[in-house]
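**Student:** I'd like to ask you about the structure that follows.
The values are calculated or read from the model by the stated rules, or taken from the named source; none is laboratory data. Because the structure is a prediction, the values reported are computed rather than measured. Cβ sites come from the backbone with ideal geometry, for glycine too, and all protein chains shown count toward neighbours.
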Amino acid sequence: MRTMITLVCEQCGKSFERRKAEQDYRDKNGVTMRVMCSLRCSADARKNGKTTEQRKAEKAEYDRVYRKQPEIAKKHLEATKAFWKSDAGKAKRKARMPKHLEYCSKPEYKEKKKTYDQQYRAERMYGPEFAPAFLALLNLETEIDSRMTNHEIRLLNGTFNKKQDRRRDYERINSYEPQERTLGDIERD
């Protein structure tokens with residue numbers, strides 16, 4: 001028969017039983033693990049009062065530093081490429097597609113993407129030195145355009161009454177009637 005001992009969980013404070021041989025093994029080999037009653041208490045103890053977002057940010061930073069090691073980065077890249085080229089990767093992409101489309105249609109994403117694309121194109125076209133100047137000019141032009149009326153924009157671009165101007169020009173060129181000009185009435189030959 002197994003000999004059991006009663007311990008107190010360091011996380012929740014409940015008492016629980018554990019095999020004495022297991023505890024003796026830990027004591028003998030110098031395993032300095034905290035005493036927890038369950039995996040749930042162990043997970044809660046590891047959180048250290050941090051939120052999910054904080055833990056994700058810390059993990060992302062750890063991964064960035066870890067993957068900067070050349071051999072690790074190369075292995076990670078190869079494994080990632082191999083997975084996404086496989087049938088399993090294709091199936092995963094297909095399964096995630098509706099969620100991806102939903103995410104891309106959100107206004108927050110569209111605004112973020114617009115800002116990112118502007119920054120990316122500015123740096124690509126003008127370099128990192130002149131990209132901020134280009135973005136400032138772009139924002140200024142957008143502000144100016146937002147203050148102009150449709151009528152002012154058409155006048156500025158020369159597209160106001162365009163159809164009417166074309167029709168008048170056509171009639172003037174193709175008519176044989178005398179036209180009043182600044183120098184007087186001159187008939188066409």
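**Student:** Quick check on the range 131-186: of everything there that is over 42 Å from the mean Cα position of the chain (by Cα) and of a type in the set (Asp, Glu), which residue is modelled with the lowest pLDDT?
**Tutor:** Per the criteria, the residue is Asp185.
**Student:** Determine whether Lys28 is of a type outside the set (Asp, Glu) and surrounded by 10 or more Cβ atoms within 10 Å (Cβ to Cβ).
**Tutor:** No; evaluated as a whole, the condition is false for this residue.
**Student:** With the requirement that a residue be on the phi < 0 side of the Ramachandran plot, of a type outside the set (Ser, Thr, Tyr) and either exposed (fewer than 11 other Cβ atoms within 10 Å of the Cβ) or over 25 Å from the mean Cα position of the chain (by Cα) (or both), what does the range 41-58 give you?
**Tutor:** Within the range 41-58, Cys41, Ala43, Asp44, Ala45, Arg46, Lys47, Glu53 meet the criteria.
**Student:** Can you name every residue in the range 5-14 that is under 47 Å from the mean Cα position of the chain (by Cα) and free of Cβ contacts under 8 Å to residues at least 24 places away in the same chain?
**Tutor:** Gly13, Lys14
**Student:** Right, another one. Which residues, taken from the range 97-114, are more than 25 Å from Ile153 (Cα to Cα) and surrounded by 10 or more Cβ atoms within 10 Å (Cβ to Cβ)?
**Tutor:** Listed by number, the residues that qualify are Met97, His100, Glu102, Tyr103, Cys104, Lys106, Tyr109, Lys110, Glu111, Lys112, Lys113.
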